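Okay, structure first, notes after.
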Amino acid sequence: MHIAIASDHAAVAMKAELVSWLREAGHDVLDLGTDGEVSVDYPDYGYILADAVAQGEAELGIALCGSGIGISIAVNRNAAVRCALVSEPLSASLARSHNDANVIALGARLIGIEMAKACVTAFLETEFAGGRHCGRVEKLAHPPLHGVPA
């Protein structure tokens, strides 16, 4: 599987470990940075990751920052991407099966590497359920202009 991954400085160590682990598992990993602990702006890396997934350079993405919150907001600015902030495997699985999420965000200061790996495993192993969820996912790409439709 082609997987893109990006982080800010707060999650660079987690990113490095996940990249190595994913490659050992046979995945093609597109590492979009950052590569050091010098302070960088998480939106820059969120936008780069979202663009890579939206352009088809990767099937799925993993976004990392200290809390996972900021980078997930940045990734979700791209209408072609559905990023879910997760902190345990059930949320990662539901993000794929119910919301067809194509990116997950993780907070490196909030979860350890083993939990991150468990979340990534659940995310990668789960397929979109389709069915009743298709219309809901479509609405994420095309929200109504004013409130809830009649």
Residue identified as in contact with a His (Cβ under 8 Å, 6 or more places away or on another chain) and either closer than 23 Å to Ser20 by Cα or in a loop (DSSP other than H, G, I, E, B) (or both) among Ala58, Ala105, Ala116:
Ala58
Which pairs have Cβ atoms under 9 Å, sit 6 or more apart or on different chains, and link a residue in segment 98-110 that is under 15 Å from Val120 (Cβ atoms) to one that is part of a loop (DSSP other than H, G, I, E, B) and among the β-branched types (Val, Ile, Thr)?
Ala101/Val81; Ala101/Val86; Asn102/Val81; Val103/Val81; Ile104/Val86; Ala105/Val86; Leu106/Val86
Positions within segment 92-116 being among the charged types (D, E, K, R) and either surrounded by fewer than 18 Cβ atoms within 10 Å (Cβ to Cβ) or more than 17 Å from Leu60 (Cα to Cα) (or both), in sequence order
Arg109, Glu114
Neighbours by Cβ (under 7 Å, 6+ apart or cross-chain): first from segment 1-13, more than 11 Å from Glu57 (Cα to Cα) and among the charged types (D, E, K, R); second crowded, with 19+ Cβ neighbours inside 10 Å and at pLDDT 95 or above:
Asp8/Thr34; Asp8/Tyr42; Asp8/Tyr45; Asp8/Cys65; Asp8/Ile71
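Would you tally the residues in segment 1-33 being of a type in the set (Ser, Thr, Tyr) and crowded, with 22+ Cβ neighbours inside 10 Å? If you could, list the steps in order and put the result at the bottom.
Step one: list which residues in segment 1-33 are of a type in the set (Ser, Thr, Tyr), which gives 7, 20.
Checking the rest, the ones that are also crowded, with 22+ Cβ neighbours inside 10 Å come to 7.
Counting residues in segment 1-33 that are of a type in the set (Ser, Thr, Tyr) and crowded, with 22+ Cβ neighbours inside 10 Å gives 1.
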Hey, Glu138 hits all of (1) part of a helix (DSSP H, G or I); (2) out of contact with any helix residue (DSSP H, G or I) (no Cβ under 6 Å at 6 or more places or on another chain); (3) buried (at least 17 other Cβ atoms within 10 Å of the Cβ) but one; which does it fall short on?
(3)
Can you list residue pairs whose Cβ atoms sit under 7 Å apart, with the first residue in segment 56-80 being within 15 Å of Ser7 (Cα to Cα) and the second being of a type in the set (Asp, Glu) and crowded, with 24+ Cβ neighbours inside 10 Å? Count only pairs 6 or more apart in sequence or on different chains.
Cys65/Asp8; Ile71/Asp8
In segment 80-92, what count of residues is obtained for those that are among the small types (Gly, Ala, Ser) and closer than 16 Å to Cys134 by Cα?
1
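Considering only residues that are out of contact with any strand residue (DSSP E or B) (no Cβ under 9 Å at 6 or more places or on another chain) and surrounded by 14 or more Cβ atoms within 10 Å (Cβ to Cβ), which ones fall in segment 123-135? Can you show your working first?
Looking only at segment 123-135, we keep the residues that are out of contact with any strand residue (DSSP E or B) (no Cβ under 9 Å at 6 or more places or on another chain), and these are 125-135.
Residues satisfying the conditions are Thr126, Phe128, Ala129, His133.
Within the group Ala101, Ala118, which residue is of a type in the set (A, V, I, L, M) and under 13 Å from the mean Cα position of the chain (by Cα)?
Details: Ala118 fails: under 13 Å from the mean Cα position of the chain (by Cα).
Matching residue, one of Ala101, Ala118: Ala101.
The values are calculated or read from the model by the stated rules, or taken from the named source; none is laboratory data. In this text the structure is predicted, and so the values were computed from the model without any measurement. In this analysis, Cβ positions are derived from the backbone assuming ideal geometry, glycine residues included, and neighbour counts consider all displayed protein chains.
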